[in-house]
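Undergrad: Following this message is one structure expressed as structure tokens.
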């Protein structure tokens, strides 16, 4: 169960990272591009950590990554709130918003945050 959920979390964040790449190119201002890239980099760091480690749910490393994911989720929630104003391509904005929802949902479940 935990391994399958870890895979789901990884896949959800990878899909979100890919969608943010599309959003980056659809963004019209450099400020928006910078904001999207910043969130995407945080997601990539989390994906890298998920790839690197085998976690015991009681370990300090797991707890540390959970805290990082909590911070990433907060950034994602704010980005989702603003996405329609940042990305004028409706399809791209909707895709990013749906991937944000899925990534947050799975991260909360996996890391119990």
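Residues checked against (1) modelled with pLDDT of 95 or more; (2) out of contact with any strand residue (DSSP E or B) (no Cβ under 7 Å at 6 or more places or on another chain); (3) exposed (fewer than 13 other Cβ atoms within 10 Å of the Cβ); (4) outside any helix (DSSP H, G or I):
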residue	(1), (2), (3), (4)
10	no, yes, no, no
14	yes, yes, no, no
19	yes, yes, no, no
33	yes, yes, no, no
36	yes, yes, no, no
51	no, yes, yes, no
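Undergrad: Limited to the range 77-104, what total is found for residues that are within 18 Å of residue 11 (Cα to Cα) and without any contact (Cβ under 8 Å) to a residue 60 or more places away in the chain?
TA: Counting residues in the range 77-104 that are within 18 Å of residue 11 (Cα to Cα) and without any contact (Cβ under 8 Å) to a residue 60 or more places away in the chain gives 4.
Undergrad: Still on this model: I need the full set of residues from the range 53-93 which are closer than 21 Å to residue 25 by Cβ and surrounded by 14 or more Cβ atoms within 10 Å (Cβ to Cβ), in order please.
TA: Once the filter is applied, which keeps residues that are closer than 21 Å to residue 25 by Cβ and surrounded by 14 or more Cβ atoms within 10 Å (Cβ to Cβ), the range 53-93 yields 75, 76, 79, 80, 83, 86, 87, 89, 92, 93.
Undergrad: Then there is this: Under 8 Å between Cβ atoms, at least 6 apart or on separate chains: pull out the pairs that start in the range 16-31 with a residue that is touching a residue at least 40 places away in the same chain (Cβ under 8 Å) and end on any residue that is surrounded by 16 or more Cβ atoms within 10 Å (Cβ to Cβ) and not in a helix (DSSP H, G or I).
TA: Once the first residue is touching a residue at least 40 places away in the same chain (Cβ under 8 Å) and sits in the range 16-31, its partners that are surrounded by 16 or more Cβ atoms within 10 Å (Cβ to Cβ) and not in a helix (DSSP H, G or I) give 23/87; 26/87; 27/87.
Undergrad: Taking the conditions exactly as written (surrounded by fewer than 15 Cβ atoms within 10 Å (Cβ to Cβ), at pLDDT 95 or above and part of a helix (DSSP H, G or I)), does residue 41 satisfy them or not?
TA: The answer is yes for residue 41.
Undergrad: A further question on this structure: Of all residues in the range 94-113, which are surrounded by 15 or more Cβ atoms within 10 Å (Cβ to Cβ) and under 19 Å from residue 28 (Cβ atoms)?
TA: Listed by number, the residues that qualify are 95, 96, 97.
The values are calculated or read from the model by the stated rules, or taken from the named source; none is laboratory data. Values in this document were obtained by computation on a predicted structure and should not be read as measured data. When we count neighbours, we look across all protein chains shown, and the Cβ atoms used for this are built from the backbone with ideal geometry, even at glycine.
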